[in-house]
Amino acid sequence: MIESILSLTFLAQVLRMFTPYYLGASAANFSERGGVINIAIEGFMIISAFSYAFFTITFGNPFVSLLLTIIVSLLFSLLYALLTIKLKINQIVTGVGFNLLMAGTAKFLIMFFYQSSSNTPNFQPLPGLPFISDIPVIGKAAGDYIIVFGFILIFISQFVLFRTRFGLRLRSVGENPEAAETLGVGVRVYKLYGVLVCGVLSSLGGIWLASNQGSFSDGMIAGRGYIAIAAMIIGKWKPVNIFFACLMFAFFEGLEITLQITGSFLPSQIVQMLPYVITVLVLIGFIGKTRPPAADGVPY
Amino acid sequence: MSSNVIPAIEFRNITKKFGTFTANEDISFSVAENTIHSIIGENGAGKSTLMKILFGIYSGDSGEILIKGNPVKFRSPLEAIDSNIGMLHQHFELIEDFTVFENVILGSEPVNSGVIETTKSGIAIKTLIDKYKLGLELDDRISDISISQKQKVEILKLLYRNSEILIFDEPTSVLSPVEVEEFFKIIRKFKDEGKTIILITHKLNEIKELSDRVSVLRKGRLVYEVDACGLDLDVLSREIIGNVAAVHLPDERAVFNNPDVLIKFENAKLKKDNVDKLNGLSFTVKSGEVYGICGVEGNGQSEIVEAILGTEKIHSGKMEIRTRDVSLVPDDRIGKGMIKEFTVGENVLLREKKFFIYNAKRIKEKARDIISKYDVRLSDETAPLESLSGGNQQKVIFGRETGLGNKLMVLVHPTRGVDINSSAFIYKIIIEERNRDKGILIISSDLEEVLKLSDRIGVIYKGKIVNEYGKQDFTFRDEAKKQEFMTNIGKAMIGAEV
């Protein structure tokens, strides 16, 4: 069992698990840093995964599809922003609505376009980076554009949030919008930016999942959007901490899969519980008090 | 100040109503360039409203404002800031999770293609800090610094934005005597630099020490104006208060023969982040007495309260609280004393123990009770407490806590931000409660207040009571004795040998 964990296959597995979590968690973080709670990460991933499958099957070019999918996600983000920022509808209610809407829409459209109740036809996944992809075992993961982007995103998030004017203003709006406004920061505009960035990043998470599977199937996101939000909270809204939180989730989920494949003395139900039990233990034992942005979820 | 010089600011017939409540009525006066102009008046006299109109937070119903002769009408504070007007609010507009540097630059960030430039701007801000002796560190987080430092951050924000006209809204109400002196120095420095300062206050000594000219507002109207050189404090006080019968402190102090010990600290120590906040603290508070603790803020006062409340535990020594019912007026009224979104009535009801259901009538009765007894000025009983001015909020909390009838009362800055009239009333209640055999602990940075109210006084320095005085020590036969005592206690407060 130990050999299977220390293997490169396992590492590649963890990388694959990690990517959608980190994209989703970073997405949620950008939105919440601006004070808008977006629990519809799951929904955004679903609609993006479907859109990507649809565009790739229809147009063939994976990069064009990627772009179109991001545009779709941006349009939904605009709608989310309209409801929560402009019309000040409760963000949790809106988020729940979006999750239901997007899951239902995807399911309906599979039926509409492909006469299937569960999945789209298969398509070619995103090609990998040249050379790196050819490395045996680990190459497919290490040469994946989106996985690589996921890792660079740690530095991008950290830099954008803490070294740029955009980041400073975004955070000020999430912490104390009244104070930010008296200093001339356009509160709603920055909230909008946060929601849009959130849309793009969560979209990439969905795209990756669809591309990795080579199709879209109903239920394929499987709660990853919610796990991502949990990772953001455990990571205390800090890019680097979120990275480790996602890595932890990915590790235990990888472990769960490996244990299931290799077989262990533990019943499989117990093995499946592992990531969540560990999460709860970590929450109790090590994380301490988490403090969201002070004006998180408060309409302005 | 001759009349042919264009004033820095001129108010012309400003009127502002909130519903049926007239906050400002036909106010006209001007503020000369490069002067310190005080606006004085009780809580709710309309000072803050007038300044908020100037600063673009409210818009006036009628009248106009001229800046250096040009009529202006700011639609937002931003436009005021652009015209080099800066305002220091009573409630700070700081982002707690940000550093000093981040708070200062927010909104006017020095950037190179979107990336914040920290080196040069850091030096520039540091220069301002040194020039005005603000004593701030750029990397300190706001949530970790003291109230007076937060205020300095607000001042630094104004300086960073090149404000020429500075409005200070009751700036010293959160400061200890030593900090007030520092603050005065900063203000004078501003004047030396050619800036124009408007000081909103209800403290007579500030006016005497600082201002060039004074305008008195009462119930929304401008009632009196005078140059500081012709200032008569008696006249001024009368104008501020109007025709209200003065409240006298009850002279008699009941004597109780067998007082109960209510609070007892014995060599108590309390550490926070490895700093000894209480370091061998010993004192007792008995029933039927007022025990006053005075000292420079940050010498362990808040830790005493936290220890009494049980939010912090002492690490060694002893602390006994021999009653279960404690009334508390905390130092941070918005954070600890009330729920700012609740109405007056709800906040009062919140503290009551024996009820299961309540109705609107009960809330209204509770509210009316306090409103009339303490002369709370508000436009609407159903408005959230946060819409009241600071002094009025304080009256509500004080009224609620004394109304509980608890054996022990802990009062921190009981009259902070409260006007003369209401302060006198609060003092009267405190003495009355004392005469009902209650034990009262007062922690205040206002030395006069502590002297006036206390039966015994403890001076706190670095987490320890360094000196204790009985009533006979501070009942003075003449002014000279008083001066001598004040010098001694002042020395004790800063840790100098007595």
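Values as computed for the structure displayed
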item: Residue list for region B:221-236, restricted to those being out of contact with any helix residue (DSSP H, G or I) (no Cβ under 8 Å at 6 or more places or on another chain) and buried (at least 17 other Cβ atoms within 10 Å of the Cβ); result: B:222
item: Region B:335-344 - residue that is under 21 Å from residue B:411 (Cα atoms) and surrounded by 15 or more Cβ atoms within 10 Å (Cβ to Cβ) and, of those, modelled with the highest pLDDT; result: B:344
item: Which numbered condition residue A:138 misses (of (1) modelled with pLDDT under 95; (2) within 14 Å of another protein chain (Cβ to nearest Cβ)); result: (2)
item: Selection count, region B:455-498, where residues are within 18 Å of residue B:441 (Cα to Cα), touching a helix residue (DSSP H, G or I) at 6+ places or on another chain (Cβ under 8 Å) and among the β-branched types (Val, Ile, Thr); result: 4
item: Pairs, first surrounded by fewer than 11 Cβ atoms within 10 Å (Cβ to Cβ) in region B:118-141, second part of a loop (DSSP other than H, G, I, E, B), C-beta under 9 Å, six or more apart; result: B:120/B:110
item: Residues located in region B:439-469, provided they are under 19 Å from the mean Cα position of the chain (by Cα) and of a type in the set (Ser, Thr, Tyr); result: B:444, B:445
item: Selection status of residue B:106, within 17 Å of residue A:183 (Cβ to Cβ), in contact with a helix residue (DSSP H, G or I) (Cβ under 8 Å, 6 or more places away or on another chain) and surrounded by 19 or more Cβ atoms within 10 Å (Cβ to Cβ); result: yes
item: Cross-chain or 6+ apart pairs with Cβ under 9 Å, region A:113-134 first and touching a residue at least 24 places away in the same chain (Cβ under 8 Å), then among the hydroxyl-bearing types (Ser, Thr, Tyr) and assigned to a loop (DSSP other than H, G, I, E, B); result: A:113/A:120; A:119/A:215; A:120/A:215; A:121/A:215; A:122/A:215; A:123/A:215
item: Strands (runs of 3 or more DSSP E) lying entirely in region B:70-173 (those with 1 or more residues that are more than 14 Å from chain A (Cβ to nearest Cβ)); result: B:70-72, B:165-169
item: Filter result for residue B:285 (assigned by TED's automatic domain parsing to the domain that holds residue B:414 and assigned to a strand (DSSP E or B)); result: yes
item: Leading residue by the ranking (surrounded by the most Cβ atoms within 10 Å (Cβ to Cβ)) among those in region A:171-228 that are part of a loop (DSSP other than H, G, I, E, B) and of a type outside the set (Gly, Ala, Ser); result: A:216
item: Flag if residue B:314 is within 20 Å of residue B:262 (Cα to Cα) and in a loop (DSSP other than H, G, I, E, B); result: yes
item: Among (1) within 14 Å of another protein chain (Cβ to nearest Cβ); (2) within 23 Å of residue A:17 (Cβ to Cβ); (3) surrounded by fewer than 17 Cβ atoms within 10 Å (Cβ to Cβ), the one test that residue A:268 misses; result: (1)
item: Residue count, region B:307-322 (criterion: in contact with a strand residue (DSSP E or B) (Cβ under 8 Å, 6 or more places away or on another chain) and either more than 18 Å from residue B:266 (Cβ to Cβ) or of a type in the set (D, E, K, R) (or both)); result: 6
item: Test for residue A:143: is it under 28 Å from residue A:242 (Cα atoms), small (Gly, Ala, Ser), within 14 Å of chain B (Cβ to nearest Cβ) and surrounded by 14 or more Cβ atoms within 10 Å (Cβ to Cβ); result: no
item: Tally, over region B:386-404, of residues that are free of Cβ contacts under 8 Å to residues at least 24 places away in the same chain and farther than 15 Å from residue B:342 by Cβ; result: 0
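The values are calculated or read from the model by the stated rules, or taken from the named source; none is laboratory data. Everything numeric here is computed off the predicted structure, so don't read it as measured data. Using ideal geometry, Cβ is built from the backbone for each residue, glycine included, and neighbour counts are taken over all protein chains shown.
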